[in-house]
Amino acid sequence: MMKDSMETKLDVDAMNVKFSARDVQVHYGDTHAIKDVSVDILDNTVTAFIGPSGCGKSTFLRTLNRMNDTIDICRVQGDIYLDGMDIYDPNIDPVQLRAKVGMVFQKPNPFPKSIYDNIAYGPRIHGLARNKAELDEIVEKSLRRGAIWDEVQDRLDAPGTGLSGGQQQRLCIARAIATEPEVLLMDEPCSALDPIATAQVEELIDELKANYSVVIVTHSMQQAARVSQKTAFFHLGNLVEYNDTNEIFTNPQDSRTESYITGRIG
Amino acid sequence: MSDITNNADTPRIVTSTELVAASLKRRRNKQLRLQMVGMGAIFIAFLMLFILVGSLVATGWQAFTQTHVTLEVFVDPEDIPADRLPRGDFDDTLEAALGRMLPGVDMEDRETARAVQGILSNGAQFTLRDRVVADPSLIGQTVTMKVPTSDPYDQLNKGLIERATPEQNRRVKDNEIRWFDTLKEQGAISKPFNLALFTNADSRFPEQAGLKGALVGSFWALLTCFLISFPLGIGAAIYLEEFAKKNRISDFIEVNINNLAAVPSVVFGLLALAVFIGWFGLPRSAPFVGGLTLALMTMPTIIIATRAALKSVPPSIREAALGLGASKQQVVFQHVLPLAMPGILTGTIIGLAQALGETAPLLLIGMNAFITSAASSPFDSATALPTQIFIWADSPERGFVSRTSAAILVLLGFLVLMNGIAIFLRQKFERRW
């Protein structure tokens, strides 16, 4: 029943699909962390991954830009397509993929460099700017889109690590979008932030969906409900349910989803 | 069941509070004893350090001054003709100058004259020669010269020779003490800072022996050691820590690097003797070979320190850079390495400080030779600071006793300086995440 409704949904949005995962398995050594996950992630949409701790939602997020490659014992099987291109194809360079699929981490992690250099780093290594003026432009544009320009425009030379937690996280978002990615992956971006900073970042996420496909892993169901249009519920490595956020929270199809959103598991 | 509780013999109810109070005293005493033992250990450690440095300073400070005689030397054209330079009877000229200052001494008697000349350092005639050769117009004039006295008179001036000792047990005879006193009454004796200790190379005569050769030798050796061990050590550490797959081979390498750091230094000396000098035919006693040997010893230290420093860079920085599409090599060289640099430098400096004090391997490759000029390249023969200390400590002349201590103080000074730089770097660039 659930499976049927999901398939129909996928067909309807087929034109708009950004990421398409089929039968993805992830193993950490002997642990089977992701089991048979198939999902289509849409463009210009905020997709939330929710689920109890250890359910594999962060692991799955990290397969989307092959960050799991850096872990020796991690094996990924199955197919993941970005715009129809198999990202685990041996010909695909993960470095190139990560330029297209930006990532924001749980803990704000600005480089211990100036605010300017934090933003300029990505464009510099990818050669996106031909000269200083262009780079300046990219930095300003990214900081503006990161909704932090007004706060830092007069101290671009100050170290990024000197900003407050919320500002650091918005700086990291600005840094991620400076390389002009098509998808933005966010791994619990607000878990280290206070409520005010969280609100600012959520507002920013909402604005970003106009240009990007945003995937956000979150522990907070309220946050998922506030910012996302699609929600995927993971449990013990399985993708239990994937649907419009409204549907998930008001009319869950699976009993496990219902238990989780009503607070009985997790 | 209830019977048992009722029949239980409970003459007095002991509350847990009382039990705790009783044990508390015992626990406090135990803690106090532990603290006392710890403080005692620290006290003993400091006492030892104080005794060590104290005894070095007590014997060594004398070597930082040197007794000099100021002479009015008439450069006699008969003894030193201009056309025979640089040859001439410079010692006779000095002898005559001393004779004029010691009225009543029979300078015609060869034996006496020789004894009078013994007041001056053997090097004094060469100082005079160099001056005259540099400026031949001095011939026929009187020049004022301040020359070091020989070691026995230096000891006498510093009070290290007891005048009360019977003459036959004393290195300076009664008449010699009278000559010295006569010179002193004339104000000709002075005791300035012993600059020669740093500007002269080694010498058979303590009053002329200096550390320049050893300092230069140590400098070349350390420079060679740094230039080889720093890039190799960092390269090996980066590969092992960042790129190598973790498997049996990398474990085996890691264990062996740690073992290498614990190998006695004399073994490295033997290895260097066999390989660098025996097979490669590199010159004996050369600081370059010393540096190579020390590099072998310093490399494990640098590798271990570098790996620790790389490990301490938080993974979030690596992830941030990787997530932006930086390649592994860019992550390492643009982010991880710069952040690890203070730790790497600290480890390197401490490794070099260790190398500076290393003696055994240098003895084996012949850096304890008697060399009276400073090396002008890393391939010239030289000594190093620790081997110079070894040589001086072995010398029978009294003057070398204080010079040995002084050399140790100089070596300790350099070690303190290097460790100070390491601490400074750590404090200045240490980052809190």
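A few comments on the model shown:
- The residue list B:Thr224, B:Phe370, A:Val24 was ranked by how far each Cα lies along the charge dipole of the protein assembly as shown toward its positive end, using unit charges on Cβ atoms, and B:Phe370 comes out on top.
- Using θ = phi - 60° in the Karplus curve 6.51 cos²θ - 1.76 cosθ + 1.60, the 3J(HN,Hα) couplings for segment B:101-116 round to 8, 10, x, x, 9, 7, 7, 6, 6, 4, 4, 5, 4, 5, 5, 4 Hz; x is entered for Gly and Pro.
- Close amide H partners of A:Val104, meaning residues 5 or more places away or on another chain with modelled amide H under 5 Å apart, are A:Leu185, A:Met186, A:Asp187.
- Modelled spin labels at A:Leu236 and B:Lys428, positioned 7 Å past Cα toward Cβ, are 5.9 nm from each other.
- Cα-based shape type of segment A:71-201, given that a ≥ b ≥ c are square roots of the gyration tensor eigenvalues and the cut on a/c is 1.5: oblate
- Residues in segment B:301-331 occluded by at least 30 Å² - accessible area, probe radius 1.4 Å, against chain by itself: B:Ser316, B:Ile317, B:Glu319, B:Ala320, B:Leu322, B:Gly323, B:Leu324, B:Gly325
- Label-point separation in nm, B:Arg84 to B:Val20, each point 7 Å along Cα→Cβ: 10.2
- For A:His235, residues with placed amide H under 5 Å, excluding near neighbours: A:Val240
- The angle between the Cα long axis of helix B:399-429 and the main principal axis of chain B comes to about 40°, on a 0 to 90 degree scale.
- In this structure the amide hydrogen of A:Ala178, modeled in the peptide plane, comes within under 5 Å of no amide hydrogen from residues 5 or more places off or on another chain.
- Furthest towards positive pole of dipole, B:Gly323, A:Ile34, B:Ala164, structure part the protein assembly as shown, Cβ charges: B:Ala164
- Karplus-derived 3J(HN,Hα) values for segment B:127-141, using 6.51 cos²θ - 1.76 cosθ + 1.60 with θ = phi - 60°, are 4, 5, 4, 4, 5, 5, 4, 5, 9, x, 5, 5, 4, x, 10 Hz; glycine and proline are entered as x.
- Taking 0.36 nm per residue of separation and subtracting the Cα-Cα distance, full extension of the segment from B:Asn175 to B:Val255 would add 21.9 nm.
- Relative to the dominant Cα principal axis of chain B, helix B:287-311 is inclined by about 30°.
- Gyration tensor (alpha-carbon) shape descriptor, segment A:5-261, a/c threshold 1.5: prolate
- The relative contact order of segment B:63-189, computed from alpha carbon pairs under 8 Å that lie at least 6 residues apart in sequence, is 37 percent.
- Exposure of B:Ile13 as accessible area (Å², to 10), given a probe of 1.4 Å and all protein chains: 140
- Electrostatic tally near B:Asp79: other residues with Cβ closer than 12 Å to its Cβ, Lys and Arg +1, Asp and Glu -1, net -3.
- The angle between the Cα long axis of helix B:212-238 and the main principal axis of chain B comes to about 20°, on a 0 to 90 degree scale.
- Net charge contributed by nearby residues that have their C-beta within less than 12 Å of B:Thr404 (K/R +1, D/E -1): 0
- Ordered by 1.4 Å accessible area with all protein chains kept, B:Arg84, B:Arg28 run largest first as B:Arg28, B:Arg84.
- Using just its DSSP H runs of length 4 or more, each adding -39500 (n - 2.57), chain B gives a mean residue ellipticity at 222 nm of -19000 deg cm²/dmol after division by all residues.
- With N counted as the residues of the protein assembly as shown, its alpha-carbon radius of gyration over 2.2 N^0.38 Å works out to 1.51.
- Portion, in percent, of the accessible area of segment B:1-124 that falls on carbon or sulfur, probe 1.4 Å: 63
- Segment B:212-429 has equivalent-ellipsoid semi-axes of 37, 19, 14 Å, by the square roots of 5 times the alpha carbon gyration tensor eigenvalues, sorted largest first.
- Dipole magnitude of segment A:5-261 about its Cα centre (Cβ charges: Lys, Arg +1; Asp, Glu -1), debye to nearest 20: 580
- Cα gyration tensor shape of chain B, rounded if a/c is under 1.5, else prolate or oblate by comparing a/b with b/c: oblate
- Members of A:Lys35/A:Lys57; A:Lys107/B:Lys311; A:Lys100/A:Lys141; A:Lys107/B:Lys246; A:Lys100/A:Lys209 lying beyond 21 Å, as alpha-carbon distances in this model show: A:Lys107/B:Lys246
- Our note on the geometry: Cα centres of segment B:42-96 and segment A:218-241, 86 Å apart.
- Per residue, the protein assembly as shown exposes 50 Å² of accessible surface when a 1.4 Å probe is rolled over the protein heavy atoms with every protein chain present.
- FRET efficiency for the pair A:Asp69 and A:Ser220, taken as 1/(1 + (r/R0)^6) with r the Cβ-Cβ distance and R0 = 25 Å, rounds to 0.30.
- For chain B: relative contact order, % (alpha-carbon pairs under 8 angstrom, 6 or more apart): 19
- Loop-located GluC sites (Glu not before Pro) in segment B:108-199, at most 14 other Cβ atoms within 10 Å (DSSP): B:Glu108, B:Glu162
- A simple charge model with +1 on the Cβ of Lys and Arg, -1 on the Cβ of Asp and Glu and nothing else charged puts the dipole of segment B:212-429 at about 320 debye relative to its Cα centre.
- Of the residues A:Thr262, A:Val46, A:Cys172, the one whose Cα sits farthest toward the positive end of the charge dipole of chain A, with +1 on the Cβ of Lys and Arg and -1 on the Cβ of Asp and Glu, is A:Cys172.
- Charge dipole (debye, nearest 20) of the protein assembly as shown; +1 at Cβ of Lys and Arg, -1 at Cβ of Asp and Glu: 1540
The values are calculated or read from the model by the stated rules, or taken from the named source; none is laboratory data. From a predicted model like this one, the values you see are computed outputs, not experimental measurements. Neighbour counts are summed over all protein chains in view; Cβ atoms, including those assigned to glycine, are modelled from backbone coordinates with ideal geometry. These accessible areas exclude ligands, DNA and RNA; they are computed on the full protein's heavy atoms, side chains included. Shrake-Rupley method; radii C 1.70, N 1.55, O 1.52, S 1.80 Å.
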